[in-house]
Amino acid sequence: MEPNRKEYSLETLAVRAGQERSQFNEHSEALYLTSSFVFDNAAQAAARFSGAEEGNVYSRFTNPTVTAFEARLAALEGAEACVATASGMSAILSLVMALCSSGDHIVSSSGLFGATQQLLGTIMPRFGIQTSFVDQTDAAAWQAAIRPETRLFFLETPSNPLTAIADIAALVSIAHRHAVLVVVDNCFCTPILQRPLDLGADLVLHSATKYLDGQGRVLGGAVAGPRKLTDEVFRFLRTAGPTLSAFNAWVLLKGLETLQIRMQAQSAKALQLAQWLEQHPKVARVYYPGLPSHPQHELARTQQKSGGAIVSFAVKGAREEAWKVVDSCRLLSITANLGDTKTTLTHPASTTHGRITPEQRAAAGVSEDLLRIAVGLEAVVDLQNDLETGLSSL
């Protein structure tokens, strides 16, 4: 089937898009574990290497299983094309290295995953690419940060870990008046809950490690958007090699088949857990877009199909109390990964955001009393009982 056939719904595309059957006419997608591909003759080899003829060359940049994953994710995001990478961070690195040069400038939300802040704020300046960090929810701040050399707006929405919501359409309007590209990390929502390209964003990226896989099995990343931009990312990947393996692509293809039902179920459970936490006497504040108390609740209702499956909350206390809750859990997995069918719990200030400075953590709102839960598929009552052990002891 054509990967972007508009008559098909998302749940159908998640199962069917991108598959090209081999001569064996297999029903499940084939896994091509090979480093290279054989050519019929020297002329074909030359044509493949030059790009004059389409086809597979070398699995650093062409592999049928990876191509199937790229086509399927592009279909789900409503994108013209997609480039898959070895991890979410390699997707961000590939995008920046492909689209920016020394002297360019990026405007980014301050509420980012810690490794992304490290990449944009510490590593890229060594190559002459500067980043200004602004409040995700303050459109005027984005406008004020634009310079003549600004190339990209970069944002996560919802943000990690406070689930702040950026108004994608509003930021697109500002950026495009200045010929600035808008890049949205759609990891928390996936195309099931939010499609940034439909709101005018230029590129969308993923840590496929998270919800696209959904079971904590493999690493992967992706950049999707118009071919004229993804081709630039592909050229960087072909040379530099931050490549998604064929095996990981095959696992991710299987993950996409259940993406919709997982996102719907996990989001529903997250709302129940957030409502329970908000009423708990030992919880100071809950951050969840599906709650009316969330500052961007109304925006989330229009921009997303649900609040998602990430719930962050502040305990009454500081690091000692937060760690006490973590250490008391016996069911929730104490790990920084998210998007798994198993619920995970982490203390962002000492894990995912532990390598950035205290000032950067403060700007991102990552306090010592904050915990982040990525809700899985367990019964909500069991999650509540596990958390209650620690909360009741505070």
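The values are calculated or read from the model by the stated rules, or taken from the named source; none is laboratory data. Just so it is clear, the model here is predicted, and its values are computed rather than measured. Cβ placement follows ideal geometry from the backbone for every residue including glycine, while neighbour counts extend to all protein chains displayed.
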Set Pro196, Pro158: member being in contact with a Phe, Trp or Tyr (Cβ under 6 Å, 6 or more places away or on another chain) and under 19 Å from Lys305 (Cα atoms): Pro158
In the range 364-377, the residues that are of a type outside the set (A, V, I, L, M) and in contact (Cβ under 8 Å) with a residue 60 or more places away in the chain: Gly365, Asp369, Arg372, Gly376
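Conditions tested, residue by residue: (1) among the β-branched types (Val, Ile, Thr); (2) at pLDDT 95 or above; (3) buried (at least 16 other Cβ atoms within 10 Å of the Cβ).
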{"residue": "Ala71", "(1), (2), (3)": "no, yes, yes"}
{"residue": "Ser90", "(1), (2), (3)": "no, yes, yes"}
{"residue": "Leu95", "(1), (2), (3)": "no, yes, yes"}
{"residue": "Ser101", "(1), (2), (3)": "no, yes, no"}
{"residue": "Asp104", "(1), (2), (3)": "no, yes, yes"}
{"residue": "Ala115", "(1), (2), (3)": "no, no, yes"}
{"residue": "Thr131", "(1), (2), (3)": "yes, yes, yes"}
{"residue": "Asp138", "(1), (2), (3)": "no, yes, no"}
Restricting the range 75-116 to residues that are touching a Ser or Thr at 6+ places or on another chain (Cβ under 8 Å) and free of Cβ contacts under 8 Å to residues at least 60 places away in the same chain, the residue that is farthest from Ser312 (Cα to Cα): Asp104
Hits in the range 340-394 - residues which are among the β-branched types (Val, Ile, Thr) and part of a helix (DSSP H, G or I): Val380, Val381, Thr389
Criterion: among the hydroxyl-bearing types (Ser, Thr, Tyr) and either surrounded by fewer than 15 Cβ atoms within 10 Å (Cβ to Cβ) or not assigned by TED's automatic domain parsing to the domain that holds Ala14 (or both) - qualifying residue of Ser59, Ser50: Ser50
Residues of the range 28-54 classified as modelled with pLDDT of 95 or more and in a loop (DSSP other than H, G, I, E, B), total: 12
Only one of Thr163, Thr122 that is more than 19 Å from Val223 (Cα to Cα), outside the structural domain of Thr351 (by TED's automatic domain parsing) and touching a residue at least 40 places away in the same chain (Cβ under 8 Å): Thr163
Pairs where the first residue, in the range 236-262, is assigned to a helix (DSSP H, G or I) and the second is polar (S, T, N, Q), C-beta under 6 Å, 6+ apart: Phe236/Ser94; Leu237/Ser94; Ala246/Asn63; Ala246/Thr65; Ala249/Thr65; Trp250/Thr65
Subset of the range 289-303 [out of contact with any Phe, Trp or Tyr (no Cβ under 8 Å at 6 or more places or on another chain), crowded, with 21+ Cβ neighbours inside 10 Å and not in a helix (DSSP H, G or I)]: Pro289, Gly290
